[in-house]
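Step one of this worksheet: look at the structure below.
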Amino acid sequence: MPPHGPDLRGHARRSAGMSTRSCAGAAVAAFALAAPVAPAAADGLPLPVEDSPSGVLSLDGSSRYLSITLGDRTAVLAQNASGGAVTSRTELRGRFTIPLVAYDSTGGGISGDGHTLVLIRPRRSFPRRDTTFAVLSAAPRLRLRRVVRLHGDFSYDALSPDGRTLFLINYISPADPRRYRVRAYDLVRGRLDPRPIVDPREPPDEMNGLPLARVSSPHGRWAFTLYDGERPFIHALDTRDRKAVCIDLEGAVFRGVGAHELGIAIAGGDRLDVRRNGGLIASVDTATFRVGAPAAPRTRELGRGADTGSAAGLLLWPALGVVLVAAALLVRRVARRHPLAP
């Protein structure tokens with residue numbers, strides 16, 4: 001049985017009045033490599049945003065995975081997260097990288113059970129005609145399973161806890177990277193589900209926004225992403241049952257607050273905290289998805305993903321302004337039919 005996340009049975013118990021809206025490194029020692037290298041920037045989002053060389057951490061915190069550019073090849077490394085020793089290494093033909101899942105520099109690609117790792121081929125333009133992923137066994141040793149090539153522009157979003165389903169962001173507008181649909185790819189059958197994953201109460205074509213921050217539930221079942229739509233909202237993706245819930249951040253406490261001021265953090269197994277510049281301002285009940293007053297201060301971050309309202313997270317937000325400016329320039333370039341530089 002795959003590991004389960006927090007008890008989120010509230011799909012059947014949600015209040016009719018709940019407000020929702022549509023949404024859709026360590027450095028590696030030189031002796032470990034056969035040639036001079038540089039860490040590959042994480043990719044996956046529609047903009048060429050560089051990530052730190054910290055790769056992605058397994059959910060249990062024991063291993064870290066890195067992608068390293070070796071000319072026209074990619075070295076994939078597994079490290080002991082506490083000591084930094086390289087525990088496994090493999091090479092891929094072509095350039096691949098740890099996927100970026102949010103503009104707070106959160107990396108993704110590892111399944112909750114720690115057995116599947118997915119890398120993406122970095123984009124050279126937006127939109128791209130085809131998207132390529134490398135699917136690897138991550139434990140006990142790194143090994144390439146298959147290469148997945150899809151027609152169209154996709155980025156990595158999440159993996160199911162057992163690594164059998166790959167969730168993707170499918171960009172549906174050649175002129176606007178904020179418009180997308182969430183899709184599911186069955187890694188066992190090699191099949192892309194034609195149906196988008198949406199909150200059933202909302203029209204799928206209204207999905208839009210940029211992913212600012214990501215946290216995951218303790219066992220990796222739920223991926224919570226903070227978006228900067230017309231108003232800030234949280235997209236909750238159930239990676240086990242292929243469901244989505246979109247949670248508006250509304251009310252007096254959010255009035256006049258920009259999404260870039262907010263951060264999210266898992267607190268225990270039943271609460272998602274929303275912070276503004278480090279201060280707790282609201283809590284989301286992860287059984288009912290209600291947004292309410294802050295719960296008693298007992299925050300203990302669990303699961304993968306940083307609290308972007310923390311001091312460490314706030315250090316990343318100045319770069320967000322650059323990202324948003326780049327987004328505007330990107331749309332302008334697309335309109336003039338000039339691709340991004342590699």
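Residues that are within 18 Å of PHE167 (Cβ to Cβ) and among the basic types (Lys, Arg) within the stretch 127-153 comprise ARG145, ARG146, ARG149, listed in sequence order. Considering the stretch 78-102, and only residues there that are in contact with a strand residue (DSSP E or B) (Cβ under 6 Å, 6 or more places away or on another chain) and assigned to a loop (DSSP other than H, G, I, E, B), the residue that is nearest to HIS260 (Cα to Cα) turns out to be ALA102. Among the conditions (1) in a strand (DSSP E or B); (2) farther than 21 Å from VAL76 by Cα, ARG149 misses just one, which is (2). Criterion first (closer than 21 Å to ALA78 by Cα and not charged (D, E, K, R)) does LEU187 satisfy it? The answer is no for LEU187. In this structure, does PRO218 turn out to be of a type outside the set (Ser, Thr, Tyr), assigned to a loop (DSSP other than H, G, I, E, B) and touching a strand residue (DSSP E or B) at 6+ places or on another chain (Cβ under 6 Å)? So PRO218 fails the test.
Looking at (1) modelled with pLDDT under 95; (2) surrounded by 21 or more Cβ atoms within 10 Å (Cβ to Cβ), which is the one condition that is false for LEU136? Going through (1) modelled with pLDDT under 95; (2) surrounded by 21 or more Cβ atoms within 10 Å (Cβ to Cβ) one by one, LEU136 breaks only (1).
Being among the small types (Gly, Ala, Ser), under 12 Å from GLY44 (Cα atoms) and not in a loop (DSSP other than H, G, I, E, B) holds for only one residue in SER155, SER105, and it is SER155.
The values are calculated or read from the model by the stated rules, or taken from the named source; none is laboratory data. No experiment lies behind these values; they were computed from the predicted model shown. Virtual Cβ from ideal backbone geometry, glycine too; neighbours counted across all protein chains shown.
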